[in-house]
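Before any comments, here is the structure.
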Amino acid sequence: MQLRQMREYVTRRGWRVAMTVQEVQSGAKQRPQRETVIKAARRHELDVVLVWRLDRWGRSLSDLVVTLKELEELGVAFVSLTEAFDLTTSTGRAMAGMVAVFAEFEREIRRERVTAGIEQARREGRRLGRPRSASLKSKQVRTLFREGTSKSEIARRLAIGRTSVRRILEEDKT
């Protein structure tokens with residue numbers, strides 16, 4: 001039904017179908033078919049991307065805004081049939097601007113929540129950042145180094161990075 005209605009729309013607009021993509025992986029992180037469309041747009045093989053619904057193209061508001069911006073920069077129009085979201089018209093472009101504003105608002109709210117969460121964790125005395133690993137083995141690093149073991153061998157034996165070994169040994173020099 002969706003493809004039929006989209007083909008009818010294309011015919012009414014006098015467009016030609018360059019490619020048809022069907023992606024059924026709802027909520028998937030990797031969307032190879034969408035990537036195929038974007039790559040075709042980058043090669044200037046498309047003038048318009050037509051989708052059934054906006055959520056068929058973007059999985060989040062920010063994802064939608066980023067890809068619509070890229071298409072716009074490539075000179076490729078975008079039309080969502082069921083929402084009457086048509087970037088080939090001035091009204092559609094104005095709507096896209098409003099969508100961008102709401103996406104920015106969403107990002108700001110998310111940033112504020114993250115910042116508030118970090119501040120709360122600090123007030124509660126929770127440790128932030130990566131868990132300590134190499135620094136817990138600093139005594140072993142120093143002992144092995146005094147015994148003449150190379151830095152690379154120390155890193156292998158203790159399953160830590162060579163940079164961590166060097167950093168621990170540099171602390172002794174200061």
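The values are calculated or read from the model by the stated rules, or taken from the named source; none is laboratory data. The structure presented is a predicted model; accordingly, all values stated were derived computationally and were not measured. A quick note on method: Cβ atoms are made from the backbone with ideal geometry, for glycine too, and the neighbour counts reach across all protein chains shown.
From E106, E112, grab the single residue that is under 20 Å from the mean Cα position of the chain (by Cα), within 19 Å of D55 (Cβ to Cβ) and in the same structural domain as D55 (by TED's automatic domain parsing).
Answer to the check: E106.
So, in segment 95-126, of the ones that are in a helix (DSSP H, G or I), without any contact (Cβ under 8 Å) to a residue 24 or more places away in the chain and among the small types (G, A, S), which residue ends up surrounded by the most Cβ atoms within 10 Å (Cβ to Cβ)?
A121
Here's a check for you: in segment 127-174, which residue that is of a type in the set (D, E) and assigned to a helix (DSSP H, G or I) is nearest to G117 (Cα to Cα)?
For segment 127-174, the residue satisfying everything is E171.
Quick one: in segment 51-63, of everything that is surrounded by fewer than 21 Cβ atoms within 10 Å (Cβ to Cβ) and not small (G, A, S), which residue is farthest from R16 (Cα to Cα)?
L61
Without any contact (Cβ under 8 Å) to a residue 40 or more places away in the chain and either surrounded by 14 or more Cβ atoms within 10 Å (Cβ to Cβ) or touching an Asp or Glu at 6+ places or on another chain (Cβ under 9 Å) (or both): does that describe K139?
In short, no.
Can you give me the number of residues within segment 46-63 that are within 19 Å of T89 (Cβ to Cβ) and acidic (D, E)?
1
Might you check whether a residue that is of a type in the set (D, E), over 23 Å from the mean Cα position of the chain (by Cα), more than 28 Å from R111 (Cα to Cα) and modelled with pLDDT under 85 occurs anywhere in segment 34-45?
Checked against the condition, which is being of a type in the set (D, E), over 23 Å from the mean Cα position of the chain (by Cα), more than 28 Å from R111 (Cα to Cα) and modelled with pLDDT under 85, segment 34-45 yields no hits at all.
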